[in-house]
1. Set the Förster radius R0 to 22 Å, insert the Cβ-Cβ distance between Ser107 and Lys42 as r into 1/(1 + (r/R0)^6), and round the FRET efficiency to 0.05.
2. Between Leu86 and residues 5 or more places away or on another chain, which pairs have amide H atoms under 5 Å apart, with H built 1.01 Å from N, and which residues are they?
3. Tell me the GluC sites (Glu not before Pro) within the stretch 200-272 that lie in a loop according to DSSP and have at most 16 other beta-carbon atoms within 10 Å.
4. Students often get this wrong, so check it: of Lys248/Lys268; Lys94/Lys204; Lys8/Lys268; Lys119/Lys268; Lys8/Lys36, which have C-alpha atoms separated by over 31 Å?
5. Pop out the ³J(HN,Hα) list for the stretch 102-111 in order, Karplus 6.51 cos²θ - 1.76 cosθ + 1.60 with θ = phi - 60°, rounded to Hz; leave Gly and Pro as x.
6. So if we plug the beta-carbon distance of Lys8 and Glu183 into 1/(1 + (r/R0)^6) with R0 = 51 Å, what FRET efficiency do we get, rounded to 0.05?
7. Can you sort Leu205, Leu55 so the residue with the fewest Cβ neighbours within 10 Å comes first?
8. After finding the eigenvalues of the alpha carbon gyration tensor for the stretch 7-148, what semi-axes result from the square roots of 5 times each, listed largest first in whole Å?
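Just so it is clear, none of the values below were taken in a lab; they were calculated from the coordinates. Predicted model, so just to flag it, every value in this text is computed and none were measured. Every residue, glycine among them, receives a Cβ derived from its backbone with ideal geometry; neighbour counts consider all protein chains shown.
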Amino acid sequence: MKMRHNKKRNTAFIYETLISELTQCSLNKDEERRGKIVSLIKEHFRKGTVLNKELAAYMTLIDSDGLEKDVATRLVAEARRVHASLDKEEIFKKQTELIGEINKNFSSSVFSNFVNNYKSMATISQMFSQTTPIKKVVLLEQKLIDSISKTDEGLEETKHIDNLVYRTFATKFNEKYSSNLLEEQKDLLGHYISSFSNNSVELKLYLNEEISRLKDTVQESVEDEEIVSDLDMKSKINEVLSILDGYKNIPINESMVREVLKIQSLAKEIQS
């Protein structure tokens with residue numbers, strides 16, 4: 001029997017749909033709406049809240065890929081153990097409060113936003129549910145273990161990076177693009193590193209604001225006399241704007257961070 005999944009009771013989905021709405025507000029320059037969403041995310045998903053803890057259990061599995069079979073098996077078991085220890089009544093209560101605030105301040109249309117990894121979120125939600133039959137839970141566990149213990153061909157494997165890798169990353173970027181990292185580039189790299197311990201909450205909020213700032217800066221350059229008269233340069237600027245707009249449809253990964261770092265350098269040149 002196929003079980004019905006209630007996405008409004010899926011903490012990972014609620015969080016990601018708010019992030020999607022936040023991105024749209026940033027790109028549409030709707031500062032009032034954007035500010036309300038930021039406040040909502042910080043209030044309900046700040047460190048220590050039950051929704052943040054549940055989100056962490058989801059993201060542990062969603063963000064994992066290419067693991068050894070035994071590691072994947074232990075990871076799924078540990079995620080289930082941690083989730084089982086959470087207060088389900090408190091989760092339901094906080095979800096209800098959050099859903100109510102979304103409906104009151106925005107509208108239910110927020111729940112129709114496109115969300116990456118929705119199918120994985122639904123699978124994890126059913127596996128975590130105490131009402132799911134044991135046989136179904138076992139099958140869902142195996143499905144998740146299979147999905148995170150292999151890397152899809154043709155896709156770049158996502159790797160969690162530690163401080164040593166971070167320093168290497170920063171050094172290589174420094175050597176290739178600039179004698180010194182800009183302050184905004186250091187901020188981005190700092191948020192990227194810390195994202196592995198805080199479910200990417202702060203990184204996603206930071207990137208929404210930074211991408212909006214970069215878009216404004218690059219957009220202003222289109223009206224510059226030198227660029228207006230240079231068709232090739234104007235074409236490249238429009239290409240950068242297209243890349244910035246496209247970020248709302250892709251998950252955050254190292255490739256995206258590298259691109260933003262380069263656009264930050266471009267924005268600095270435009271302003272100088």
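1. Taking R0 as 22 Å, the efficiency between Ser107 and Lys42 is 0.60.
2. Amide H to amide H, under 5 Å and 5 or more residues apart or across chains, Leu86 pairs with nothing.
3. Loop-located and lightly packed - Glu223.
4. Lys8/Lys268; Lys119/Lys268
5. After applying 6.51 cos²θ - 1.76 cosθ + 1.60, I find 5, 5, 6, 8, 10, 1, 5, 4, 4, 6 Hz.
6. Plugging the Cβ-Cβ distance into 1/(1 + (r/R0)^6) gives 0.80.
7. By the 10 Å Cβ count, ascending, the order reads Leu205, Leu55.
8. Rounded to whole Å, the semi-axes are 29, 16, 13.
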